[in-house]
Every structure is written in structure tokens, then in C-alpha cells.
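Structure first, commentary second.
The values are calculated or read from the model by the stated rules, or taken from the named source; none is laboratory data. Fair warning: this is a prediction, and the values are worked out from it, not measured in the lab. Quick reminder, even Gly has a Cβ in these numbers, built from the backbone with ideal geometry, and neighbours come from all protein chains shown. Remember, those area values only see protein heavy atoms, side chains included, never the ligands or the DNA or RNA. Shrake-Rupley method; radii C 1.70, N 1.55, O 1.52, S 1.80 Å.
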Amino acid sequence: MKQVTITVNGTEYTKEVEPRLLLSDFLRHELGLTGTHVGCEHGVCGACTIMFDSESARSCLTFAVQADGHEITTVEGLAPDKDNLHPLQQAFWEAHGLQCGYCTPGILMSMIPFLKQNPNPTEDEIRHALSGNLCRCTGYQHIVDAVKLASEKMK
Amino acid sequence: MKPASFDYYAPNTIEEVLDLKHQHGDDAKFLAGGQSLVPAMNFRIVQPSALIDLNRVNELSFIKEDKNVIRVGAMARERHLEFDSSIKKYTPLLHEAVPFIAHPQIRNRGTIGGSIVNADPAAELPVLMIALNARLKAKNKNAERWIDAKDFFAGMFTTALKPDEVLVEIELPFAEKNTGWSFMEVAPRSGDYAMMGVATLVTLDKNKKCKFAKLVYLNAGDGPVDAIEASQSLIGETINDKLIESVASHASEKEINPFGNIHASIDFQRHLAKVLTQKTLKQALERVSK
Ligand SMILES: Cc1cc2nc3c(=O)[nH]c(=O)nc-3n(C[C@H](O)[C@H](O)[C@H](O)COP(=O)(O)OP(=O)(O)OC[C@H]3O[C@@H](n4cnc5c(N)ncnc54)[C@H](O)[C@@H]3O)c2cc1C
Ligand code: FES
Ligand code: FES
């Protein structure tokens, strides 16, 4: 077992973990932050995407021990308080950017850094940026619309 | 879908890395970005007894200009290569190719060294290393040596590194004057491993005759495939459409050896190689003059 101190959504947690514990499982099972979803565990589906020191990354391809001393942001860290959504979340609500919602946390955590780097994205750029996240429900059109709407809200 | 147990070490210096490797031997693996190793561990295709994590070795993650070369530490992230201004200026072929590697979420973690040592025949960076005539610096506890990229790749997922060696640095020569470049690939979806791809360089002399050419293919054999005959047949010539057609036919029919997969038959891969050779040569030529 190794002791790690990881800041998640601004709160510091110190825990004993096995080296083989994936960061995705640490977030879900050790911290109860089940907003981070697990689809494939080999980097392909994007459901487990989180922010590692403010850059998007797959939590299923990182060990929790590697996050020692680092800052992680998960979907639970987006909303400012329990009555309000982050503008990106609000846009997904308004534009019907989700159906079952399984893919949504990973998509949100990919789009936060994307919109930061590209505040005025074209539809093509949005589609390209979404290519690392699989959605089995929506057919993507409403997700593209939601990201476009979010870019306007976040100006 | 969970990895087997292992001991974990997170050294801060190359010296500690090499000591740990010396102590733990063949069963210990280096962990770079983890974007190839961790999936393999999750599937239990590999079960190392120990992981030596390179992520805290700061001296391995640099990109810097030196005399006529760019030096890149093995732990430089693919995402950093993508946005680095020296790479864009002096090795534009690499700059053009990096965004084709996976997705930003993967490139944020994946490293140049990890991709090179992984030696996947479908990967972009090994092909780029051959095309750019890179040199790779390997180190073990007792010695260090430079290996030319052309001697580094030794077949499917195999390299010239010895088990106790760590790749520390990649040296990339600046592009020569009057060189045009082009990288293109075709993948089922953006970010997927490509069905076929080619990295192309052409250098012209002052009479606009070709004095150097390079055509290197991915997913076209058991490692990066350097089409030496096709490139050679361009040298000394004024490149026109007819020559491009014959060079593309030769490379795609005679020099590459694709295996086919669920996305593309061997014939289709050869067809893609031919079309991509023509397109990249044309684009490279257009860029020489600029
Ligand atoms: C969904 C997905 C899509 C992908 N698509 C592509 C793609 O289109 N093209 C592509 O090229 N790649 C792709 N990749 C792979 C990605 O580029 C990897 O990052 C890369 O191949 C490995 O780099 P890494 O730093 O993650 O290495 P790791 O996975 O950490 O290591 C890979 C291997 O190299 C060894 N190693 C690492 N660093 C060193 C070193 N310095 N010295 C000695 N040995 C070392 C490790 O022990 C291990 O055996 C994809 C990955 C995923 C998950
Ligand atoms: S669960 Fe991590 S990418 Fe699918
Ligand atoms: S909304 Fe169901 S997977 Fe995307």
C-alpha cells in the first residue's frame, strides 16, 4: 500500500491505496465520486475522462498513485453550487445534449479544456474535438449543438 | 479488466531510474504516459512485477533547440510536441503529423519516448523518426549510446533497446533548406490508428531537381517501412506527374508489405498507399518553393 494525497475538486484527500488501483476506481470507490463513468478501461470510449492538472486525461489509464500531489477535477467539480449548473452543463440540458447520460461526464470534462483553448469553435472543430468520446444514444447532433451553445454562454 | 499487482517506484532522477532497473531486472517495466502500457495491463496481456514511473523525472521532459538539431526528452508529451514552436519551425513534418496521434486526452499523457519504444507499426512517431533521420539516446547503469532511427526498430513492438536500457533523448535534425514535407493518413475515424499513412520529404537543388527524397509508411509492414527504391528513383530528376505516378506504383506494389485488418484489405491498403504517395509528393513539392 502507498499513501497518496490527491486534491479532487479543490478538496485534499489522503488515502492508502494499492499501486494497481486505477484513478477511475479511486474516484468512484474510494471517494464515492461516481460521476466519472467507466466504459472500456482501455482508453477508447472516453467515459472516464477527467482533468489532471487542468488537462483532459483518461482516468482508466492512470494509476491513483500517479496522481499523488496533483489536482484532479471531475464532473462533480463543475457546478458552482447545488442549485446551479456550470454553463456547459446548462447548455447540455437546454440543447438535449444527452439521453442516457453515460457518456456525458467524459464529454464535459473533455470540452472544458477544449473551449478554453477554442472559445469560438466551428462545427468542424467541435466534431473533431468530440471524436475521443463515444456516445451510443444521441447520434452526436445534439451534443454538437450543446457545445456550440455553451461556447456562446461562456463568452 | 484490472491490472495484476505490482510494486511501484516513482524516482526523481535518471540515476535512480537506472539503479531501480538494475535491481529489479527484466520483470520491471518503465511507465511513461501509460497510454499503451496501462491498457495492456488492464487486459493482463502484460503483468510486470514492478513499474518504474518516469513521470516525476523532470530532466526527461524538455524540448530545446541546439546547433542545427532539436533535442527532445523521452518524457515530452505528444501534446507538447504539437504546440512547440521550434518543432513547428524546424521539423514541420513532425508538427503536421502529431495531431493524427489518437485524441487530445491521450496526447496529454502519451510521450514521444513511450510511442517510439512501443514500436507499433501503425504508430506515427516511429515513422517520423525514420523520415527525419533522428538519433535516439539510450542509457543503462554503466553506459550510454546513440542509435540511428533506422537501426532502432526491429519488428513488431520490438526495438534495439536492451532490457536494462531506458530511452532518454531524441535528436531531430533541422529540415534542410528547400525541403517540402507532407504527412497524410487515412483512418476509419479521426484519432483511430490509421489504415495507411505516409510521411514524405523532398529537397530540391537550385535547378529544381530532386536531391533528396524520403517516403516512409505506417501500417505497411512489421515496422515503419522506408521505401528506399521509390525515393531513390526521384533523385536527380525534375519531378512531374508521370514520375510521381510510377514512384507511387512502385512503393505501393513492391516496397510495402501490409497485412490487412478488419478495416482494410491488403489491396485497399496498397491502393491507399498509392494515392497518399501521390498526394503527399505533390503537396511536398508545392511547399518547397514557399
Ligand atoms: C484510444 C487510443 C488511441 C491511440 N491512438 C494512437 C494513434 O492513432 N497513433 C499512435 O501512434 N498511438 C496511438 N495511441 C498510443 C499512444 O500514442 C501512446 O501514448 C503511445 O503509443 C505510448 O506512449 P506512452 O508514453 O503512453 O507509453 P507507455 O504506454 O507508458 O509505454 C509504452 C511502452 O514503452 C516503454 N517505455 C516508455 N517509455 C520508455 C523509455 N523512455 N525508455 C524505455 N522504455 C520506455 C514502456 O515500458 C512500455 O513498454 C493510442 C492510445 C489510445 C489509448
Ligand atoms: S473507460 Fe476510460 S476510456 Fe473508456
Ligand atoms: S447519452 Fe447515452 S451514451 Fe451518450
Determine one quarter of the surface area of the Cα convex hull of the protein assembly as shown, which equals its mean projected area, and express it in nm² to one decimal. 21.9 nm²
With n ≥ 4 as the cut-off for DSSP H runs, can you work out [θ] at 222 nm for chain A, using -39500 (n - 2.57) per run divided by the number of residues, rounded to the nearest 500? -8000 deg cm²/dmol
The computed P(r) of chain A puts the percent of Cα pairs beyond 26 Å at 24 percent
Please compute the average number of Cβ atoms from other chains found within 10 Å of each residue's Cβ in peptide A:41-47. 5
Report the charge-dipole magnitude of region B:61-173 in Debye, nearest 20, computed about the Cα centre from +1 at each Lys and Arg Cβ and -1 at each Asp and Glu Cβ. 240 debye
Would you mind calculating the gained length between A:LYS15 and A:GLU76 on full extension (0.36 nm times residue separation, minus the Cα-Cα distance), in nm to one decimal? 20.0 nm
In whole percent, the fraction of accessible protein surface over region A:1-65 that belongs to carbon or sulfur atoms, probe radius 1.4 Å, stands at 43 percent
Rounded to the nearest 20 Debye, what is the dipole magnitude of chain B about its Cα centre when Lys and Arg each give +1 and Asp and Glu each give -1 at the C-beta? 780 debye
Enter the mean number of other protein chain beta carbons within 10 Å of the beta carbon of each residue in B:32-39, as an integer. 5
Whole-number accessible area per residue in Å² for region B:28-80, which is evaluated in the context of all protein chains at 1.4 Å: 41 Å²
Among B:THR159, B:ALA10, B:ALA220, which residue has its Cα furthest toward the positive end of the charge dipole of the protein assembly as shown, with +1 on Lys/Arg Cβ and -1 on Asp/Glu Cβ? B:ALA220
Here the residues of region B:80-118 whose accessible area is at least 30 Å² smaller with all protein chains than in the chain alone (probe 1.4 Å) are B:HIS103, B:GLN105, B:ILE106, B:ASN108, B:ARG109
For chain B the mean separation of alpha carbon contacts under 8 Å (6+ apart) over residue count, i.e. relative contact order in percent, is 15 percent
Roll a 1.4 angstrom probe over the protein heavy atoms and tell me the percent of accessible area of chain B that is carbon or sulfur. 49 percent
Karplus ³J(HN,Hα) for region B:257-270 (6.51 cos²θ - 1.76 cosθ + 1.60, θ = phi - 60°; Hz, whole; x = Gly/Pro) runs 9, x, 9, x, 7, 5, 8, 8, 6, 4, 4, 5, 4, 5
Please compute the per residue accessible area over chain A with all protein chains in place, 1.4 Å probe, rounded to a whole number of Å². 45 Å²
If eta is 1.002 mPa s and T is 20 °C, what Stokes-Einstein diffusion coefficient results for chain B, Kirkwood Rh from Cα pairs, in µm²/s? 109 µm²/s
From highest to lowest solvent-accessible area (probe 1.4 Å; ligands, DNA and RNA excluded), B:LYS150, B:LYS162, A:LYS2, B:LYS67 read B:LYS67, B:LYS150, B:LYS162, A:LYS2
Could you put B:HIS250, A:HIS29, A:HIS37 in order of accessible surface area, largest first, with the 1.4 Å probe and the full protein assembly present? A:HIS29, B:HIS250, A:HIS37
With the dipole of chain B worked out from charges on the C-beta (+1 for Lys and Arg, -1 for Asp and Glu) around the Cα centre, which of B:ALA74, B:SER85, B:ALA149 lies farthest toward the positive end? B:SER85
Area buried, chain B against chain A - accessible surface, total, 1.4 angstrom probe, square angstrom: 2500 Å²
Per-residue HN-Hα couplings for region B:273-284 [Karplus 6.51, -1.76, 1.60; θ = phi - 60°; Hz; x = Gly/Pro]: 4, 5, 5, 5, 4, 4, 5, 5, 5, 5, 5, 4
Note down the Stokes-Einstein diffusion coefficient of region B:53-197 in µm²/s, whole number, using a Kirkwood radius over alpha carbon pairs, 20 °C, and 1.002 mPa s. 139 µm²/s
Mind checking the dipole of the protein assembly as shown: about its Cα centre, +1 per Lys or Arg Cβ, -1 per Asp or Glu Cβ, Debye to the nearest 20? 1020 debye
